[in-house]
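Visitor: I have a structure here, written as structure tokens, and I will follow up with some questions on it.
The values are calculated or read from the model by the stated rules, or taken from the named source; none is laboratory data. Bear in mind the structure is a predicted one, so any value in this text is a computation, not a measurement. When we count neighbours, we look across all protein chains shown, and the Cβ atoms used for this are built from the backbone with ideal geometry, even at glycine.
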Amino acid sequence: MKKHLFAFLCFSMTWLSQAQGWVHNGAHVVANNGTFIVIQGPQGNYKAQGVSRMIFNGDVELSFTGNWINNSAGAIFMTNNGNVVLKGAAQSFLGTNITAFPALDLKCSANPTLQTNILVGGGHKSGGTGKLNLFDRQLNLNGRKLLINNRSETAISRTTGGILSESFPSVGYGFVQWNLRDAGVGPQYRVPFQTAAGTDIPFDYNVKNVGLQTVDSGFVTIATYPTPTVSLPNNRPLPFGVPHVKNEYGTENARRMLDRFWVIQDGGYTTKPEISLGFSYLDPEHNTGTNTIQEANMGAISWNSTANKWGYPVKSRVNAGNNTLLLHAGVNFSGIWTLSDTTPCPIANFTTTGACEKDSVLFVDKSTVAQDTLIRWSWSYGNGNNGSGDSSVGYFSPAGIYNTRLIVTAATGCSDTLFKKINILGAPQANYLVEDTCENTTVKFTSLTSPGSGFVAKEYWWFGDGATYTGKSPQHYYGTSGLPQVKYIVYNSNLCKDTIDRTIYIANKPFVYFAVKPDCEDVNFPFTNASTAGAGAIQSYNWDFGNGRRSTLRDENIVYPDSGTFPVRLIVTNTFGCKDTFQQPLQVYPRAISKFKYSPFDPQMLKPVTFTNLSGIDTKWTWDFGDGYYDITENPVHSYNMYGTYTVSLIADNDFGCADTSSLSLRAKSIPLYWFPTAFTPANTEGLNDQFGLFSPLTVTDYRLIIFNRYGEIIFESTDQTKLWDGRINNELVMGGVYIYDATFKNPENEIQRYSGNVTLVR
């Protein structure tokens, strides 16, 4: 309740604030005629927040020494009465919301700056009558917008002050928007633009007819922009995509233009207004030194957004007598404007021949010029390369669209520029693979060409030995080694071509030879390798011995277990991949098969033994009987003089000299030399046949002799071959008669012998 009561107090006296700043938050301040409000102090800011309201009834002045900060949710000034005055130093307009000032005086000690948009002249749709009085201050728009809501041509007044649109290059340019509304035949408006140094930039525009519009919608915005000494990459503050005039026309033409641009925009109109723009211009400004622009030759140049280029100077739009640029009713004059010399300029034009990647493209000048002569041609190919002269040759890679440019300059110094996009077609990428490069070899050329654009249409080959071929992936026979120069040219369906000139190496083949002698199966065959590399060195050996056996060694020793004819092959490869092959048959002779038998199965000494040859593939025989005797017949007979065991060997041989040996063990038994008398006379006077027992020249072992009487009683027994029976028992002669004996022993061959029978004792 107290807050509202304060808000609606009517002030009839002067009110002074000594605070650090004034925060106006949601309250209403009502001031009556003649009141003045001063906000001062070290930080004499005015800060509006919430729903701040000021109602000035009559002539009310609000002055402050700090910054104006508007963060309010709506309009602050509810009437078009009153005046706001800046009286501080280096003041700024800040905040999140635009302030519609009824009137604004810049009496500050330093130039103020916009940090946000402001409006002067009242915030009502009908517009106000309040003015912007600059006095001797320069208002820096700082890339923001100053809206003038007073339709009067005197809405902006000054002494020496002005408006700085060009805060170049930090924040770009700021606009002055003059809300013209329906003025009918309007007055002449002047915006007091200045440079940063404070030099005036005279600029007038006369409203002939503002056109059709809705209330509070029609406006014209204007800004100035100086020609910088160097171009910026983004052309700032020129709009994006608009190149600087210097970029397009070059230094020569830049000297023939005013060093100032006017950025003009309109809005809120259903029918475009008819406006004339006036420029204060004197010849000496650009009529000294190399600058030769004269008032009588002035024309207008502007950015043509449809053609995406700067328009040619049009002299008919400039009235040299009163320095006026004429814009006709219904014409959209919005854009970027400057003035230029209208001395006859050339019309750039050119043609091109050839449009293939990596091929030469001929640029031919077709420019024309009236009443003048072309003296200079500057070509840019859009790929970083340039050219000169009335014709030029460019080379392009890779394929694609290139934005080429021609700048032609006449003798008067006037220039014209033409951009032309050319389509560089993709050239084929010629490539091939050589499969083999050895003498006496058919070499295969495998095409690996990519067409680029279109398809591969023609392929031509020159093999370097006089032979040619048309087509894809040929084969060609090189009979000798050397360095042939192979040329390959390929065309695609767009007639773009590519060429490869390549020297290929036809290497010498290796020479392969080996020696081996025929021999018998089951023997070691040494292979003697006498191969040479030809070119380079031998890289590998590959043997095939014809029997399933292979090897990669230089030399080999092979045993063939079977006889026959075997195709032995050796392949030698050198370091160039060249190969040679040598093959020859190897004869492996069969070996004789030694085998024999003998009879009888248990031969005896001194008796003949028959040896039967059972060998195969044999024609010759050598017998070794093991007792020092030999024989060369096929089936010999041999007797052994002594009993014993003998090793008999047979060497069977054939006509190839491939012998085989077999052996058998033979045991020759002794002849039976054992006898027992059938009768004997003991104790006879002759001393003959007086004992009974074994009589033999041979010595036996395990001897036992037993004698029985007729009753089966043992009457004599001996285990000694030399102890015979003398016919006695207990040293008494027995009576004569027949007695039975049984004898066993082992002969010298260790065989058991047994003899039994009857013996007669005679007395």
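Visitor: Does T678 qualify as being loosely packed, with under 13 Cβ neighbours inside 10 Å and either under 60 Å from the mean Cα position of the chain (by Cα) or at pLDDT 95 or above (or both)?
Guide: Judged against the criteria, T678 is not a match.
Visitor: Taking the criterion of being out of contact with any helix residue (DSSP H, G or I) (no Cβ under 9 Å at 6 or more places or on another chain), under 25 Å from I593 (Cα atoms) and either assigned by TED's automatic domain parsing to the domain that holds T437 or buried (at least 18 other Cβ atoms within 10 Å of the Cβ) (or both), would at least one residue in segment 523-539 satisfy it?
Guide: yes
Visitor: Yes or no: N403 of a type in the set (S, T, N, Q), touching a Lys or Arg at 6+ places or on another chain (Cβ under 8 Å), modelled with pLDDT of 90 or more and not assigned by TED's automatic domain parsing to the domain that holds C578?
Guide: yes
Visitor: Suppose we keep only residues that are aliphatic (A, V, I, L, M) and modelled with pLDDT of 90 or more within segment 505-515. Which one would you say is nearest to T581 (Cα to Cα)?
Guide: This residue is V512.
Visitor: Now for a separate question. On the given criteria, is C520 buried (at least 19 other Cβ atoms within 10 Å of the Cβ), of a type outside the set (A, V, I, L, M), outside the structural domain of L448 (by TED's automatic domain parsing) and farther than 21 Å from T573 by Cα?
Guide: The answer is yes for C520.
Visitor: Out of (1) of a type outside the set (D, E); (2) farther than 20 Å from G130 by Cβ; (3) at pLDDT below 85; (4) assigned to a strand (DSSP E or B), what's the single condition that is false for H4?
Guide: Unmet condition: (4).
Visitor: Of the residues Y703, Y755, only one is in contact (Cβ under 8 Å) with a residue 60 or more places away in the chain and closer than 30 Å to M605 by Cα; which?
Guide: Of Y703, Y755, the one residue that is in contact (Cβ under 8 Å) with a residue 60 or more places away in the chain and closer than 30 Å to M605 by Cα is Y755.
Visitor: Can you tell me which residue is surrounded by the fewest Cβ atoms within 10 Å (Cβ to Cβ) among those in segment 80-118 that are among the hydroxyl-bearing types (S, T, Y), in a loop (DSSP other than H, G, I, E, B) and in contact with a strand residue (DSSP E or B) (Cβ under 6 Å, 6 or more places away or on another chain)?
Guide: T96
Visitor: If you don't mind, there's one more thing I want to ask. Look through segment 46-64, keep the residues that are surrounded by 22 or more Cβ atoms within 10 Å (Cβ to Cβ) and free of Cβ contacts under 8 Å to residues at least 40 places away in the same chain, and return whichever of them is farthest from T116 (Cα to Cα).
Guide: Restricting to residues being surrounded by 22 or more Cβ atoms within 10 Å (Cβ to Cβ) and free of Cβ contacts under 8 Å to residues at least 40 places away in the same chain, the top hit is V60.
Visitor: Also, I was wondering about something else. Determine, yes or no, whether S493 is closer than 27 Å to Y402 by Cα and free of Cβ contacts under 8 Å to residues at least 24 places away in the same chain.
Guide: no
Visitor: Can you tell me which condition F611 does not meet? The list is (1) buried (at least 18 other Cβ atoms within 10 Å of the Cβ); (2) assigned to a strand (DSSP E or B); (3) at pLDDT below 95, and all the others hold.
Guide: Failing condition for F611: (3).
Visitor: Another question, if that's okay. Please indicate, with yes or no, whether at least one residue in segment 433-447 is under 30 Å from W377 (Cβ atoms), outside any strand (DSSP E or B) and in contact (Cβ under 8 Å) with a residue 40 or more places away in the chain.
Guide: no
Visitor: Then there is this: Would you point out the residue of segment 614-645, among those that are aliphatic (A, V, I, L, M) and more than 17 Å from S662 (Cβ to Cβ), that is modelled with the highest pLDDT?
Guide: In this case the residue turns out to be V637.
Visitor: Show the residue pairs that are 6+ apart or on different chains and have beta-carbon atoms under 7 Å apart, the first residue being within segment 394-417 and part of a loop (DSSP other than H, G, I, E, B), the second being among the small types (G, A, S) and surrounded by fewer than 22 Cβ atoms within 10 Å (Cβ to Cβ).
Guide: Correct list of pairs: A399/G426; A399/S453.
Visitor: State all residues of segment 130-174 that are at pLDDT below 90 and aliphatic (A, V, I, L, M); if no residue qualifies, say none.
Guide: Of everything in segment 130-174, just one residue is at pLDDT below 90 and aliphatic (A, V, I, L, M), namely V171.
Visitor: May I ask you to say which residue of F692, F745 is out of contact with any Lys or Arg (no Cβ under 9 Å at 6 or more places or on another chain), buried (at least 17 other Cβ atoms within 10 Å of the Cβ), farther than 30 Å from P518 by Cβ and not basic (K, R)?
Guide: F692 is the lone residue from the list that is out of contact with any Lys or Arg (no Cβ under 9 Å at 6 or more places or on another chain), buried (at least 17 other Cβ atoms within 10 Å of the Cβ), farther than 30 Å from P518 by Cβ and not basic (K, R).
Visitor: List the number of the failed condition for L553; all other conditions in (1) under 56 Å from the mean Cα position of the chain (by Cα); (2) in a strand (DSSP E or B); (3) of a type in the set (A, V, I, L, M) hold.
Guide: (2)
Visitor: Shifting gears a bit: Do you know which residues across segment 491-535 are part of a loop (DSSP other than H, G, I, E, B), of a type in the set (F, W, Y) and under 39 Å from the mean Cα position of the chain (by Cα)?
Guide: Y505
Visitor: Only one residue in Y739, Y711, Y674 is within 25 Å of G644 (Cβ to Cβ), out of contact with any helix residue (DSSP H, G or I) (no Cβ under 8 Å at 6 or more places or on another chain) and not basic (K, R). Which one?
Guide: Y674
Visitor: Only one of (1) part of a loop (DSSP other than H, G, I, E, B); (2) modelled with pLDDT of 50 or more; (3) not aromatic (F, W, Y) is not met by H24, so which one is it?
Guide: (1)
Visitor: I need a count of the residues in segment 618-655 that are buried (at least 18 other Cβ atoms within 10 Å of the Cβ) and in a loop (DSSP other than H, G, I, E, B).
Guide: 7
Visitor: Tell me, yes or no, whether segment 369-390 has at least one residue that is polar (S, T, N, Q), in a strand (DSSP E or B), farther than 30 Å from P451 by Cα and modelled with pLDDT under 90.
Guide: no
Visitor: Suppose we keep only residues that are at pLDDT 85 or above and of a type in the set (A, V, I, L, M, F, W, C) within segment 340-354. Which one would you say is nearest to the chain's Cα centre (by Cα)?
Guide: Out of the qualifying residues, it is F350.
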